[in-house]
Amino acid sequence: MNNIEELNNNTVEIAEKASRAVVSINSTIYSGNFGYGITPVKGAGSGFIISHDGYILTNNHVIEGAETVDVVLNDGRKFKGEIAGTDPQTDVALVKIPGDDFPVIELGDSEKIRVGSIVLAIGNALGLPGGHTVSMGVISAKNRPMPWADFIFEGLLQTDAAINPGNSGGPLVDLTGKAVGINTAMIAQANGIGFSIPVNTIKKELNDIINTGKVKRNYIGISGIEINESSHGRYGVKLENGVMVARIDRYSPAYDAGLRPGDVITEFAGTPVKSMRDLIKGVAEMKGNTDVIFIRGGSKYRTTIEYKKETKKRIEILDA
């Protein structure tokens, strides 16, 4: 057997095995109001089973706002799924179905996968009857931001494996049969550019989602814009490394520390901030009160952000 035949057989075996744990997810959202009638809106996506007792990974946008979640296994079995937890910020959700001894896909290591590695995207593409669609491609790039999205969608895997509507939530599988990502989006006007959420991002969140239904993450309360040629001209700030505060929650640790829109953060916890990814990483790794250096009006300042997990309550009930 030559190398091409061996690769072909190996790919077929991986696709067959992984597909057993890939599911179709059909959600129903009720639109309208009670005065003029309620209309059910159907949605379709994918997911994959990660535990023998029926936990399924998918995208948050596949099940967001759903009144019902119907799960169809590759062998035709149907279940009513229960949303076990979500994290809209990373577009990850966990669905639970009753039972045990389900086939699973093991989570791999998205940090170790290399650009050029062969991957398979498996899912319920376009909701076509007859089983899942398998497409093959390579990892085209790593650590991509999603071009049109909020800064939260950073560090994505880019692939040229075909990702179509309905594929969302399905696995991106390497040639060991392990999931290295969750397929989440494509660029419609481009050819062969799709994005997957790396599984290493998800691994950090799973325990929180399973135990509490949401992800506990450090919070400072700002949205930012990277300083580059475009933002430098548009906002009239000096062209230098840093992240400009675009919006700030008035009840946040950042606001309490004195940061305001227009400030440019250049250092966080002693580490230079050259991109939004640097700031996100710094906030995620906060373990206590943290020093921040920023520029305002051409002058450099230092402040300390108080360590908090959540925003303050804005309204307190005095009597009921």
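Summarising the label geometry, the points placed 7 Å from Cα in the beta-carbon direction at I210 and N3 lie 4.0 nm from one another. Peptides 103-110, 219-226 ranked from most to least packed, by the mean per-residue count of other Cβ atoms within 10 Å: 219-226, 103-110. Computed extension gain for Q89 through E106, at 0.36 nm per residue and net of the alpha carbon distance, reaches 3.8 nm. Full extension of the segment from K17 to H52, taken as 0.36 nm per residue of separation minus the current Cα-Cα distance, would add 11.1 nm. Per residue, the solvent-accessible area of the stretch 86-138 (1.4 Å probe, heavy atoms of protein chains only, all protein chains present) comes to 48 Å². At the residue level, V245 shows approximately 0 square angstrom of accessible surface with a 1.4 angstrom probe and all protein chains present.
Placing dummy labels 7 Å off each Cα toward the beta-carbon, the span from I29 to E306 is 3.7 nm.
The values are calculated or read from the model by the stated rules, or taken from the named source; none is laboratory data. Not measured: the values here are computed from a predicted model. Every residue, glycine as well, gets a Cβ built from its backbone with ideal geometry; the counts of neighbours run over all protein chains shown. Remember, those area values only see protein heavy atoms, side chains included, never the ligands or the DNA or RNA. Shrake-Rupley method; radii C 1.70, N 1.55, O 1.52, S 1.80 Å.
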